[in-house]
Amino acid sequence: MRKTTIQTRRAGLLESLAATARDLTAARLGFEQEADRDLIAYYLHEQDALRAKHTYLLRQVKLLDEEVDG
């Protein structure tokens, strides 16, 4: 991969990581403020999904960095 392509991909991944972190914060706040059982369950599932997405994005950044260093 060309260096600019890798840099562009990495920047996109970092942007997605930041957006996911913001979404996770919003889901956590929603959970803390909610009283309805169904919506509490929703926020719990949303947080689980966002944590999985965050982990995936971190792994992609690490793989990209290893490709550059390797």
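The values are calculated or read from the model by the stated rules, or taken from the named source; none is laboratory data. The shown structure was predicted, so the numbers you read here are calculated from the model rather than taken from an experiment. Positions of Cβ are generated from backbone atoms using ideal geometry, with glycine treated the same way; all protein chains shown enter the neighbour counts.
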Scan of the range 26-67 for residues that are exposed (fewer than 12 other Cβ atoms within 10 Å of the Cβ) and either among the β-branched types (Val, Ile, Thr) or in contact with an Asp or Glu (Cβ under 8 Å, 6 or more places away or on another chain) (or both), ordered by number
55
Looking for something modelled with pLDDT of 95 or more, in contact with a Lys or Arg (Cβ under 8 Å, 6 or more places away or on another chain) and in a helix (DSSP H, G or I) - is there at least one such residue anywhere in the range 53-62?
yes
If residue 14 satisfies all but one of (1) surrounded by 12 or more Cβ atoms within 10 Å (Cβ to Cβ); (2) under 16 Å from the mean Cα position of the chain (by Cα); (3) free of Cβ contacts under 8 Å to residues at least 24 places away in the same chain, what's the number of the condition it fails?
(3)
